[in-house]
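To keep things clear, I will list the structure first and then write my remarks on it.
The values are calculated or read from the model by the stated rules, or taken from the named source; none is laboratory data. Here the structure is a predicted model, which is why all the values come from computation and not from measurement. Don't worry about glycine lacking a Cβ; one is built from the backbone with ideal geometry, like all the others, and counts go over all protein chains shown. In case anyone asks, the SASA skips ligands and DNA or RNA and just uses the protein heavy atoms, side chains included. Shrake-Rupley method; radii C 1.70, N 1.55, O 1.52, S 1.80 Å.
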Amino acid sequence: MKRVFFTVFIAAFITAVTVHAQQTKDPKMDSFIANLMSKMTLEEKIGQMNLPSEGDIITGLGANNNIAAKIKKGQVGGMFNIKGVDKIKDIQRIAVEESRMKIPMLFGMDVIHGYETVFPIPLGIASTWDMAAIEQSAHIAATEASADGINWTFSPMVDIARDPRWGRVSEGSGEDPFLGGEIAKAMVRGYQGKDNSFSSNTNILACVKHFALYGAVEAGRDYNTVDMSHLRMYNEYLYPYKAAVEAGVGSVMASFNLVDGIPAHGNQWLLTEVLRNQWKFDGFTVADYGGIGEIVSHGLGNLKAASEMALKAGLDMDMVSEGFLHSLTKSVQEGKVTQQQIDAACRRVLEAKYKLGLFANPYKYCDPLRAKKDIYNKENRAIARKTASESFVLLKNEGNVLPLSKNKKQTIAVIGPLADTRSNMVGTWSVAAKLDRPATVVEGLKEVAGKNTKILYAKGANLTADATLEKNSTMFGRELNRDDRSEEELKAEALQIAAQADVIIAAMGESSEMSGESSSRTDIGIPDVQKRLLAELLKTGKPVVLVLFAGRPMTLVWEQANVPAILNVWFGGSEAATAIADVVFGDVNPSGKLSSTFPRSVAQIPVYYNHLNTGRPASDNGFQKFRSNYLDEKNAPLYPFGFGLSYTQFSYSDIKLSSAMMTSNTEITASVTVTNTGKTDGAEVVQLYIRDLVGSVSRPVKELKGFQKIKLKAGESKAVTFKITTELLKFYNSMLEHVAEPGDFELMIGSSSNDVKTVKFTLN
Ligand code: BGC
């Protein structure tokens, strides 16, 4: 028997309490805005709902020439991707001095993984599993951005992604809802401040995106169709957005895709029923770049109809399309939309400005003295370097090739198209980064290596054999200075350099713009021309370390079989080079764990750890007829979720439960003792997974439900305890009720999703 009704009751009670907390508004704000809006014309209200970009900074699609005139007329609520206090102050001045209503503007930017001090790409920083470090990175990003006039960031991006062909996997936290949710909360806290009061001018408004399900585009092709069951939405994909809402995120950006056949931008069920009615979100919603206009291409009417649809669905601010600006007045006159709908949207935008403190001081974020001391300073860079070194994932280290010693006389040959680039170090979506600043891998190694080590360099190969592919993969100033020599000539030079070395470091993989927006790939391996070079380097018989640059999970079966050491460094940000050297020379012991499964081949995709069992699960022992498997490939991925090696080893004791029985109002604990059995101090991410063995709907084979990152000195042991509450056991059933169903569960603790100890317990 399932005691569903009891848990539903508890859930309803908890929801009622949270709803109450979220609905308590500031009466002073209410009357201020009511008074302001009573003086605004319809056009001025619609103006607040308009978000043009400065121009062509990002995609070249914006055509907003006469922007100052528009601001004076009250036709602009905010702008984005402009930096610099002087510039922003100037624009703000037009709004608050030259427009009739004197309403200050929002200044947004894609501050995605740092500002001028750049942190690892989100997929990389997720691999730290260190929520304090992630929160701190967002706080530093907010501090730097706000010192440059910015008061709103289009981050965090929390789209769950299980298809590494999709370039935007680099921008999110990977495949797992729970980990993604924890990261979403940490980032919102980092940007907005712990109490969401915006009491300091270092706190800026966050924007969770892309709502919703953008990570599930078919075939991993950007902007493609999404179609998904509600069960999967509620249990998996919606979870991190909801976590951000619960953390108090101030704004939500709609996604480019369809949800149940209706574009997210015009989807009332999504933007109003789920977001506001079910989750009690009380901030404002914003379109993605041109997203309202794209409703037209999705085939749901012209721009005027699309704008009406978006407004009625609950979208408050139009990014770039200017559909609201040019058609909503007419739509009101025709009775297609109501004044009240416009009032509601305008009010939410004004509330955000009020909460930020812009009415009290429109120049709150325009302190001319801050930029110099707050941006890209020594302290921020030191933290970015440490965080980057903790995001790297050691995938293989046969014969302990790594770390290299600093003490012995040695020559290192650094080879590969990514060894001598600055602009590719920071990674995709780093709008504020100065691309000529980061050290190259060669420079980073030289800085850290000390006087015993000689470092030589050769490019060895271009990024790709195909010049057009390289051009398309190195846009926005990330050129890799393509070498005109033939593949053979480049290889010969590299081999001649390698011949003089004791160790070879191959800096290879993807360029930074091979992932990110509109950068989907069908081949997610290291480009062939680089692989051919790597094979030649291996033939020298010298130890080879592959320092892998990756914006996505890549296919590395051949590399795993042939290269002795593989260190995945993602794109580590402005301090990546020294961080790489810190790990290569053992000043930092790697502790990153994958937040996304690495498939063996593209044909396995989607392959993720928290899958369902199917009616015919396969065993790991090769092909079995009439089981769910492949004739020619394993089901298992190459590197599972949660995997990552260290320079030391950790052992896990068996799991101790405080009781093997719990009820819906009691909790139990599960403990293990983890021991560092090696000779090096290190950090380990201890992971808790749970499987609901019998459910009213089919439940995943395991789901991450907790994790703790602990530091252990060589030889040290620590007990790690997890609390198991009914809340942890809940899921959405076929009625979309959030329930914990009594029955048997498996509880697993271990060092990755496929390396766990297991016990059972029962919920009565
Ligand atoms: C992206 C968003 C981004 C926006 C503004 C869009 O193309 O999808 O993630 O925030 O541009 O730059």
Query raised in the report: How many residues does region 719-740 hold that are loosely packed, with under 15 Cβ neighbours inside 10 Å and either outside any strand (DSSP E or B) or aliphatic (A, V, I, L, M) (or both)?
Result: 4
Requested in this report: Could you give me the residue pairs with C-beta distances under 7 Å whose first residue belongs to region 331-346 and is in a loop (DSSP other than H, G, I, E, B), whose second residue is at pLDDT below 95 and crowded, with 18+ Cβ neighbours inside 10 Å wherever it lies, and which are 6+ apart or on separate chains?
Outcome: none
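Residue-by-condition table, conditions (1) closer than 26 Å to Asn151 by Cα; (2) modelled with pLDDT under 95; (3) in a helix (DSSP H, G or I):
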site	(1), (2), (3)
Glu182	yes, no, yes
Gly190	yes, no, yes
Asn224	no, no, no
Tyr241	yes, no, yes
Ala244	yes, no, yes
Val249	yes, no, no
Val252	yes, no, no
Leu271	yes, no, yes
Lys280	yes, no, no
Query - In region 292-321, the residues that are more than 15 Å from the ligand (Cβ to nearest atom) and either on the phi > 0 side of the Ramachandran plot or in contact with a Phe, Trp or Tyr (Cβ under 6 Å, 6 or more places away or on another chain) (or both) - result: Gly299, Gly301, Ser307, Gly314, Asp316
Query raised in the report: Taking the stated definitions as given, is Ser146 within 14 Å of the ligand (Cβ to nearest atom), touching a helix residue (DSSP H, G or I) at 6+ places or on another chain (Cβ under 8 Å), in contact (Cβ under 8 Å) with a residue 40 or more places away in the chain and open to solvent by less than 10 Å² (accessible area, probe 1.4 Å)?
Result: no
Report task. Just give me the residues in region 234-281 being among the basic types (Lys, Arg) and on the phi > 0 side of the Ramachandran plot, in sequence order. Result -> Lys280
Query raised in the report: Given the structure, is His230 within 16 Å of the ligand (Cβ to nearest atom), not assigned by TED's automatic domain parsing to the domain that holds Leu736 and not polar (S, T, N, Q)?
Result: no
Report task. Confirm whether Ala132 is open to solvent by 10 Å² or more (accessible area, probe 1.4 Å), assigned to a helix (DSSP H, G or I) and away from the ligand (no atom under 14 Å from the Cβ). Result -> yes
**Report entry** Filtered residues of region 422-447 (kept if buried (at least 24 other Cβ atoms within 10 Å of the Cβ), of a type in the set (S, T, N, Q) and touching a Pro at 6+ places or on another chain (Cβ under 9 Å))
**Finding:** Asn424
Report summary line: Residue count, region 326-341, condition out of contact with any Ser or Thr (no Cβ under 9 Å at 6 or more places or on another chain) and open to solvent by less than 50 Å² (accessible area, probe 1.4 Å), comes to 1
Requested in this report: Spot the failing condition for Asn224; the list is (1) more than 14 Å from the ligand (Cβ to nearest atom); (2) surrounded by fewer than 21 Cβ atoms within 10 Å (Cβ to Cβ), and only one is missed.
Outcome: (1)
Query - From the options Phe256, Phe198, residue that is part of a loop (DSSP other than H, G, I, E, B), buried (at least 21 other Cβ atoms within 10 Å of the Cβ) and within 16 Å of the ligand (Cβ to nearest atom) - result: Phe256
Query - Long-range neighbours under 7 Å by Cβ, at least six apart or interchain, first residue open to solvent by 30 Å² or more (accessible area, probe 1.4 Å) within region 374-397, second part of a helix (DSSP H, G or I) and polar (S, T, N, Q) - result: Ile383/Gln136; Arg385/Thr578
Requested in this report: Give the number of residues within region 667-691 that are over 15 Å from Lys723 (Cβ atoms) and of a type in the set (Gly, Ala, Ser).
Outcome: 3
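Yes or no, residue by residue, for (1) more than 15 Å from Gly509 (Cβ to Cβ); (2) of a type outside the set (Val, Ile, Thr); (3) within 16 Å of the ligand (Cβ to nearest atom):
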site: Gln410; (1), (2), (3): yes, yes, no
site: Ala413; (1), (2), (3): yes, yes, no
site: Thr428; (1), (2), (3): no, no, yes
site: Lys434; (1), (2), (3): yes, yes, no
site: Val442; (1), (2), (3): yes, no, no
site: Leu445; (1), (2), (3): yes, yes, no
site: Lys459; (1), (2), (3): no, yes, no
site: Arg478; (1), (2), (3): no, yes, no
Query raised in the report: Out of (1) farther than 23 Å from Lys280 by Cβ; (2) open to solvent by 10 Å² or more (accessible area, probe 1.4 Å); (3) touching a strand residue (DSSP E or B) at 6+ places or on another chain (Cβ under 8 Å), the odd one out for Ser229 is which?
Result: (3)
Query raised in the report: Name the pairs: first residue in region 733-744 and on the phi > 0 side of the Ramachandran plot, second residue open to solvent by 50 Å² or more (accessible area, probe 1.4 Å) and among the β-branched types (Val, Ile, Thr), Cβ to Cβ under 7 Å, at least 6 apart or on different chains?
Result: Gly743/Val694
Requested in this report: Considering only region 151-168, state which residues are in a strand (DSSP E or B) and under 13 Å from the mean Cα position of the chain (by Cα).
Outcome: Met157
Report task. Answer with yes or no whether Glu513 is within 16 Å of the ligand (Cβ to nearest atom), at pLDDT 95 or above and assigned to a helix (DSSP H, G or I). Result -> yes
Query raised in the report: Scanning region 295-320 for residues that are of a type in the set (S, T, N, Q) and open to solvent by 10 Å² or more (accessible area, probe 1.4 Å), which turns out farthest from Val226 (Cα to Cα)?
Result: Asn302
Query raised in the report: Among (1) buried (at least 24 other Cβ atoms within 10 Å of the Cβ); (2) among the β-branched types (Val, Ile, Thr); (3) assigned to a helix (DSSP H, G or I), where does Thr285 come up short?
Result: (3)
Query - Gly323 being modelled with pLDDT of 95 or more, surrounded by 23 or more Cβ atoms within 10 Å (Cβ to Cβ), under 26 Å from Phe198 (Cβ atoms) and touching a Lys or Arg at 6+ places or on another chain (Cβ under 9 Å) - result: no
Requested in this report: Please work out which residue is farthest from Val286 (Cα to Cα), limiting yourself to region 104-122 and to residues that are within 15 Å of the ligand (Cβ to nearest atom) and outside any loop (DSSP other than H, G, I, E, B).
Outcome: Pro122
Query - Hits in region 691-703 - residues which are surrounded by fewer than 22 Cβ atoms within 10 Å (Cβ to Cβ) and either of a type in the set (A, V, I, L, M, F, W, C) or not in a strand (DSSP E or B) (or both) - result: Leu693, Val694, Gly695, Ser696, Val697, Ser698, Arg699, Pro700, Val701
Query raised in the report: If we keep just the residues of region 166-181 that are over 15 Å from Ser155 (Cβ atoms) and within 15 Å of the ligand (Cβ to nearest atom), which is surrounded by the fewest Cβ atoms within 10 Å (Cβ to Cβ)?
Result: Gly167
**Report entry** Check on Thr474, of a type in the set (Ser, Thr, Tyr), surrounded by 22 or more Cβ atoms within 10 Å (Cβ to Cβ), touching a helix residue (DSSP H, G or I) at 6+ places or on another chain (Cβ under 7 Å) and within 23 Å of His113 (Cβ to Cβ)
**Finding:** yes
Query raised in the report: Of all residues in region 552-589, which are among the small types (Gly, Ala, Ser) and in contact with a strand residue (DSSP E or B) (Cβ under 9 Å, 6 or more places away or on another chain)?
Result: Ala565, Gly572, Gly573, Ser574, Ala576
